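The values are calculated or read from the model by the stated rules, or taken from the named source; none is laboratory data. Model, not experiment: these values are computed from the prediction. Glycine also receives a Cβ, built like all others from the backbone with ideal geometry; neighbour counts cover every protein chain displayed. What goes into the accessible areas is simple: the full protein's heavy atoms, side chains included, and nothing from ligands, DNA or RNA. Shrake-Rupley method; radii C 1.70, N 1.55, O 1.52, S 1.80 Å.
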Amino acid sequence: GIVYITSTKAGEESYEYPSMGAVFSHYFLRGIKGEADSNENKIITIKELFDFLKTIVSRETYNKQVPQINREGYRDIPFIVIN
């Protein structure tokens, strides 16, 4: 199956701030560089990435932008290996 993470719920706006640009994109890049690796095993799963994005993007936008995921059952699949 295909898993996708979207930057917002349907009907929400995506936020940008002058200091970082697009909030979702900013934290997506930080997440895949290692910040989403919550168990520090050098493997970022879809679950780790989504949990990181949902938490931080929601917080940074005061819950006005909440990332979404389409497939709950595929969340433990490795997304990226970091070194």
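If you compute Rg and Dmax of the Cα atoms in Å for the structure shown, which of [x] 12.6, 40; [y] 11.8, 34; [z] 12.5, 37 do you land on? Checking each listed value against the structure points to [z]. If you take the Cα centroid of the range 1-19 and the Cα centroid of the range 46-62, the two points sit 10 Å apart. Segment Ser19..Asn41, full-extension length gain: 4.9 nm, with 0.36 nm per residue of separation and the alpha-carbon distance subtracted. The lysine pair tally for the chain, using Cα distances under 15 Å and a gap of 8 or more places or different chains, is 4.
Counting heavy atoms of the protein chains alone, Glu40 has an accessible area of about 150 Å² for a 1.4 Å probe. Residues of the range 45-61 falling in the label zone of Ile82, defined by backbone nitrogen less than 11 Å from a point 7 Å along Cα to beta-carbon, are 45, 49.
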